[in-house]
Amino acid sequence: MQDELFAARDLTIALPGSQGSMIRIVENLSFSLAPREILGIVGESGSGKSMTALAIMGLIDVPGARITGSMLFKGQELVGLGARALRRLRGREIAMIFQDPMTALTPVHTIGWQIDEQIRAHESLSRAGARARTIDLLGEMGVPDPRRAADRYPHQLSGGLRQRAMIAMALSCNPSLLIADEPTTALDVTVQAQILDLLRRLRHNFGSSVLLITHDMGVVAETCDRTLVLYAGNVAERGPTGDIFAHPGHPYARALLASIPPLHGVRPSRLLSIPGQPPSPAERPAGCPFRPRCPQAHAQCEQTPPMVRRGEQDIACVLAAPEPVQA
Amino acid sequence: MTPIIEARSLGKHYRVAGGGLFGQSRRTLRALDNVSLHVMPGETLGIVGESGCGKSTLGRCLLRLTQSSSGRVLFEGEDITTRSERALRRLRPRMQMVFQDSYASLNPRRRIADLLSEPMRVHRQPSGAPHDRSFIAQRLRDLLDLTGLPISALDRYPHEFSGGQRQRINIARALALQPSLIVADEPVSALDVSIQAQIINLFTDLRETLGLTYIFIAHDLSVVRQIASSVAVMYLGAIVERGGTDSVLHAPAHPYTAALITAVPEPVVSAGARSRVILKGDVPSPVSPPPGCRFHTRCPKAEARCSVEIPALRPLVPAPDEALHEVACHYPLHPASNVPDRYATG
Amino acid sequence: MAMALLRRLGQTVLVLFGISVLVFLVFFATPGADPTARIAGRNASPETMALIRHQYGFDRPLPVQYERMMVSLFVTRDLTSFVDHGERVVPEVFRAAPVTLSLVFGAAIVWVLASIGMGTLATALRGSLVDRGLMILGLIGISMPVFWLGEVINLVTQSRMHDSWMFSWVPGLGYVPLTQDPVGWFKVLVIPWITLAILFIGIYGRVLRADLVAAYSEDFMRTAQAKGLSASRVLFRHGLRTSMITFVSLFGLDFAQLVGGGALLTEVVFGLQGVGRLTYQALSNLDLPLIMATVMYSAVFVVLANALVDILYVLLDPRVRDAG
């Protein structure tokens, strides 16, 4: 546990709902991230994955939002940390890239201006010094002719180049942790391949850990060392990516993998699909949240499922092992 | 047998505002360039490509929701390219479209019953008689049954449904007039994986029970593979490869198709690294496409000839299976391509 | 770029031409109304009528009449008002213009600065009491009629409390030219500026706050926060720049109509002989030549202001530069 860069313990995020109730978007989420590790958080829309990222960044600005549990970053507790201290971490130690590079960059400033701005917000560097680093970074991110690209506005660049600029900006202060929220969802498949390739190389070139948030099981399989499957704000399963894809333990993870049409091999006449849809956070059933859609649900699932250890996998399902172990 | 729909050298050009302070310069965007294809009854043609390749424009031009700039469209052998809107109305019930955004396609202020019965109130029966009330009521029940929606859905409004269910409503509406052809433009790409599988299965089931023909437009290769019997791959407004789904996806002949396939991240963790072709750069703008083969700027196999000469679609010889497999490349990945194009049609 | 500016200039001239034709037709070619009698005024002698008819070419076809009118308005500048005993109208407009320009420019500076301050402060403290208080103040500002507010201020500063230390500096109503006495100019105008600006501070402050708060739900604002920038930097460098579009469009319209004579009430209340008052006089006397002159004057400003707004757009938003 000594070498953990980041660890969340029982992280719960609740937002105020109607009539004074608190709606728990994320419940008792625990995971850890080692230096240079790529951890994938997968889940469908509404699973709470983006909310988790915003909570780490301290960017949930909904009035009345309540974050409980613990988030340790390099031994420092982030839950309840003051605004000023958080701001010093943001962009410098923990950086984030967003889904749509078109809307995530300010349209009225050049790419270079925006990257310079981040560098100069955290380091006392001259304008020229910051620009020199910006151009270096853009070049490292594979932006052709970085000197000219720095003087361009976001709308003048293609989607792929914008995302590279976005990553360059995120990496400009050498953060230890990079949070990537659906970084390739808005991109075409051939450009997605380039960006994923870039993300994989970050740990060598920049020594950064990456928290990759996505809905795409394929992206996780190809990019992440370890994976966390979220369902309706709860951990369904976590463990090494290879293990999870080879022997998914949770019925949800199994069904999710089976519902993806394969690109190779036998073409099934029908896809396995999960009946119904994920519950909204306000209507989440007690006990196992997957119970209403689970083909193996039984009476015991009305209790909160235990976290079962199987090899290196943690599975939130009573069926995962004969002898449940409390985690 | 007559193809249910056929496109001959279809082109679509848009005039777009160019640079300058007040957009005085205008340029031409070639969304479609010389596209020919045909779909036989009962077949499902998948059209794949990245954004800006013209696949949505093609779908709309085939149904004449957008007027093509050149070329012809034939529906069941009948030339509909220059038909008046009035004359088209007779054919409209037979060809329907399903869109990506399930919410934007449904009027939020109307109940599902109204949305589903509207096509029947607007159009007449093939015999020319209007649809009567009891027929519509029966048909609504059938449609809900076909698309797996509860009967209680009729009295509700679009916003009360999830994305997957709304897409079922869109499909039900498209089916209301018993069409023979459905063009589906990215119908599952806005849905979560588990819901996506439900809708793909629904498309498959409907094809079997109703004998439908689909043109299925998607950027997701694995979705297209699941549903299509043949595939056309588009790049910058042109078809670069087409043929039977298995043949094209398992033994692609065009370097672009090959790159597209290897670029898809697969939910499989393999021991060794997959051999993959990572293309350089982005798709060029369709406003100023590269000369010659439009893919040559990103092609790993491009040679001098590629930047000059536009390659025509030519069949692979010998044909890999009974379906024709054609490729538009000077240096395709599979042999026998340097044989003259015997089958090439205008 | 030069080409585009030329085009824009061409458009401007075309618009002005259209307006002048329209105004001309309305006032001089209305069937059943004899412009000669209107220009000559009541009880004019037949000789005057004949002179006018000849001078304006009312005995000639309409295009000639229009041409004469434009020539005497823009080239010879000797268009004469007979209602007003032979006063030349162009110099009259030129005398009134500096008064209105002084009033409106000053007020514009006040309202732009104050509303940006109000909008950004309310946004920064959104949801707080300060925010709510500012928005209510804005609403009050919008609701107060400018003539009432002006009269009340006059009452306080000119008579009731004029002798107190606070308002003893306030000069009497009227206008002092900037070139004669800059300090006097400022003193005489500062109260009218604030009075005229209050309405606009309310409107602009509220509009800006709405746009800024909307901007906070944009992805790029989240990015700016994720970069670890200070809250004020996020607000001013990222939020404000992108939220100025509505503000600038509104400003173009309001500024132009005020310069064109829309500040009438303020001018009346504070005894300023501006274009608004002149237009009002012209209309109440049906002084056709003067109406023609003031309408053309305000058209020039409206069109110029529009061109200025277009240029401002380009400066504010690089996307406009490319897309056109």
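The values are calculated or read from the model by the stated rules, or taken from the named source; none is laboratory data. The model shown is predicted, which means the values in this text are computed figures rather than measured ones. So basically every Cβ, Gly included, is an ideal-geometry build from the backbone, and we count neighbours across all protein chains shown. Note: accessible area is taken over every heavy atom of the protein model, side chains too, but ligands, DNA and RNA are not part of it. Shrake-Rupley method; radii C 1.70, N 1.55, O 1.52, S 1.80 Å.
Pairs of alpha-carbon atoms within less than 8 angstrom and 6+ residues apart define the contacts here; what relative contact order does the range C:2-76 have, in percent?
Computed over the range C:2-76, the figure is 19 percent.
Report, for the protein assembly as shown, the % of DSSP beta bridges that are antiparallel, rounded to 5.
In the protein assembly as shown, approximately 60 percent of DSSP beta bridges are antiparallel ones.
Of all alpha-carbon pairs in the range A:235-298, indicate the percentage at a distance above 13 angstrom.
Within the range A:235-298, distances greater than 13 Å cover 68 percent of Cα pairs.
Need one number: the % of Cα-Cα pairs in the range A:277-316 sitting beyond the 15 Å mark.
Here the long-distance tail beyond 15 Å is 46 percent of all Cα pairs in the range A:277-316.
For A:266-273, what's the mean count of beta carbons from other chains sitting within 10 Å of each residue's beta carbon?
6
Ratio of Rg to Rh for the protein assembly as shown, alpha carbon only, Kirkwood?
Dividing the radius of gyration by the Kirkwood radius yields 1.05.
In a solvent-free Debye calculation with one equal scatterer on each Cα, what is log10 I(q)/I(0) for the range B:1-119 at q = 0.12, 0.22 Å⁻¹, listed in the order of the q values?
The computed values of log10 I(q)/I(0) come out as -0.57, -1.28.
Rg and Dmax of chain C, Cα atoms, in Å?
My reading of the Cα-based Rg and Dmax gives 24.0, 82 Å.
In whole angstrom, how long is each semi-axis of the equivalent ellipsoid of the range B:103-148, when you take the square root of 5 times every eigenvalue of its Cα gyration tensor and sort them from largest down?
They are 20, 14, 9 Å, listed from largest to smallest.
If R0 is 41 Å, what FRET efficiency do you get for A:ARG201 and B:VAL16 from their C-beta distance, rounded to 0.05?
It comes out at approximately 0.65.
Between A:ASP136 and A:GLN156, what FRET efficiency comes out of the Förster formula 1/(1 + (r/R0)^6) with R0 = 30 Å and r the beta carbon distance, rounded to 0.05?
After rounding to 0.05, the efficiency reads 0.90.
Once you average over the residues of A:187-199, how many Cβ atoms of partner chains fall within 10 Å of each Cβ?
6
Does anything in the range B:50-68 have its amide N under 20 Å from the 7 Å Cα→Cβ label point of B:GLU78, and if so which residues?
Counting backbone N atoms under 20 Å from the label point, the list is B:60-68.
Compute the FRET efficiency between C:VAL183 and A:ARG309 as 1/(1 + (r/R0)^6), taking r as their Cβ-Cβ distance and R0 = 51 Å, and round to the nearest 0.05.
0.05
Over every pair of different alpha-carbon atoms in the range C:24-131, take the mean of 1/r and invert it; report that Kirkwood radius in Å.
Value: 17.7 Å, from the Cα pair sum.
Using only the Cα atoms of the range C:2-76, each taken as one equal point scatterer with no solvent, compute I(q) by the Debye sum, divide by I(0), and report log10 of the ratio at q = 0.26 Å⁻¹.
Log10 of I(q)/I(0), two decimals: -1.24.
Provide the per residue accessible area, probe 1.4 Å, for the range C:99-278, rounded to a whole number of square angstrom.
Result: 44 Å² per residue.
Can you pull the one-decimal nm distance between simple spin-label points at A:GLU123 and B:ARG109, each 7 Å off the Cα toward Cβ?
5.7 nm
Taking the simple approach of a point 7 Å from Cα along Cα-to-Cβ for both A:ARG9 and B:SER51, what is their distance in nm?
Spacing of the two 7 Å Cα→Cβ label points: 4.3 nm.
One-quarter of the Cα convex hull surface for chain A, in nm²?
Result: 18.6 nm².
To the nearest 10 square angstrom, how much accessible area does A:MET217 have with a 1.4 angstrom probe?
Number for this one is 10 Å².
Mind listing the Cα extents of the range B:91-230 along all three principal axes, in Å, largest one first?
43, 33, 22
Any chance you could run the full-extension gain for C:VAL156 through C:ARG8? It's 0.36 nm times the residue separation minus the Cα-Cα distance, nm to one decimal.
48.5 nm
Please list, or write none, the lysines whose alpha carbon is within less than 27 Å of the alpha carbon of A:LYS74, excluding same-chain residues fewer than 8 places away.
Correct list for A:LYS74: A:LYS49, C:LYS227.
What per residue convex hull volume, in Å³, do the alpha-carbon atoms of the range B:153-250 yield?
Value for the range B:153-250: 121 Å³ per residue.
State log₁₀ I(q)/I(0) for the range A:126-227 at q = 0.14 Å⁻¹ as given by the Debye formula over alpha-carbon point scatterers of equal weight, solvent excluded.
-0.53
State, to one decimal in nm, how far the label point of A:ALA282 lies from the label point of A:ALA246, with both points 7 Å from Cα in the Cβ direction.
Rounded to a tenth, the inter-label distance reads 4.5 nm.
Projected area of chain B, taken from the Cα convex hull and averaged over every viewing direction, in nm²?
Computing the convex hull of the Cα atoms and averaging its projections yields 20.8 nm².
What net charge do the residues around C:THR266 carry, taking every other residue with its C-beta under 14 Å from that of C:THR266, with Lys and Arg at +1 and Asp and Glu at -1?
My count for the surroundings of C:THR266 gives -2.
For the range C:99-278, taking Cα atoms only, what is the radius of gyration to one decimal and the Dmax to the nearest whole Å?
18.7, 57
Which angle between 0 and 90 degrees, to the nearest 10, do you get for helix C:182-215 versus the longest principal axis of chain C when only C-alpha atoms count?
60 degrees
If one takes the accessible area of chain B alone plus chain C alone and subtracts that of the pair, with a 1.4 Å probe, what total in Å², rounded to the nearest 100, results?
Buried area between the two chains comes out at roughly 700 Å².
Note the buried accessible area between B and A here, summed over both chains, with a 1.4 Å probe, in Å² to the nearest 100.
Using a 1.4 Å probe, the pair buries roughly 3700 Å².
For chain A, what's the relative contact order in percent, using C-alpha pairs closer than 8 Å and at least 6 residues apart?
It comes to 19 percent, rounded to a whole number.
On the full set of protein chains, 1.4 Å probe, figure out the accessible area of B:LYS301 and give it in Å² to the nearest 10.
90 Å²
Enter the accessible area per residue of the range C:2-76 (Å², integer; probe 1.4 Å; all protein chains in place).
64 Å²
Run down the lysines and flag those whose C-alpha is under 24 Å from the C-alpha of B:LYS55, throwing out any fewer than 8 positions away in its chain.
In chain and number order, the partners are B:LYS12, B:LYS280.
Work out, in µm²/s and without decimals, the Stokes-Einstein translational diffusion coefficient of the range A:103-158 at 37 °C, 0.692 mPa s, Rh from Kirkwood over C-alpha pairs.
Answer, rounded: 290 µm²/s.
Could you state the orientation-averaged shadow area of the convex hull built on the Cα atoms of the range B:221-291, in nm² to one decimal?
The number I arrive at for the range B:221-291 is 5.8 nm².
May I ask you to give the percent of accessible area on the protein assembly as shown that is carbon plus sulfur, with a probe radius of 1.4 Å?
The nonpolar share, carbon plus sulfur, comes to 57 percent.
If packing is taken as the average number of other Cβ atoms within 10 Å across a peptide's residues, how do C:208-217, A:100-109 rank, most packed first?
The densest-packed peptide leads the list: A:100-109, C:208-217.
Loop only by DSSP, 16 or fewer other Cβ within 10 Å of the Cβ. Give me the GluC sites (Glu not before Pro) in the range B:54-126 that pass, ordered by residue number.
Loop-located and lightly packed - B:GLU76.
Given contacts defined as C-alpha pairs under 8 Å and at least six residues apart, what's the relative contact order of chain C, whole-number percent?
24 percent
If you take the C-alpha gyration tensor of the range B:130-193, multiply each eigenvalue by 5 and take the square root, what semi-axes do you get, largest first, in whole Å?
Ellipsoid half-lengths, sorted descending, are 22, 16, 8 Å.
If the label point is 7 Å along Cα→Cβ of B:GLU208, which residues in the range A:265-281 have backbone nitrogen under 16 Å from it?
A:267-273
Which three semi-axes in whole Å describe the equivalent ellipsoid of the range A:190-293, each the square root of 5 times a Cα gyration tensor eigenvalue, listed largest first?
Three semi-axes, in Å: 27, 19, 12.
Hand me the trypsin sites (Lys or Arg not before Pro) from the range C:10-58 located in a DSSP loop with no more than 12 other Cβ atoms within 10 Å, in residue order please.
C:ARG42
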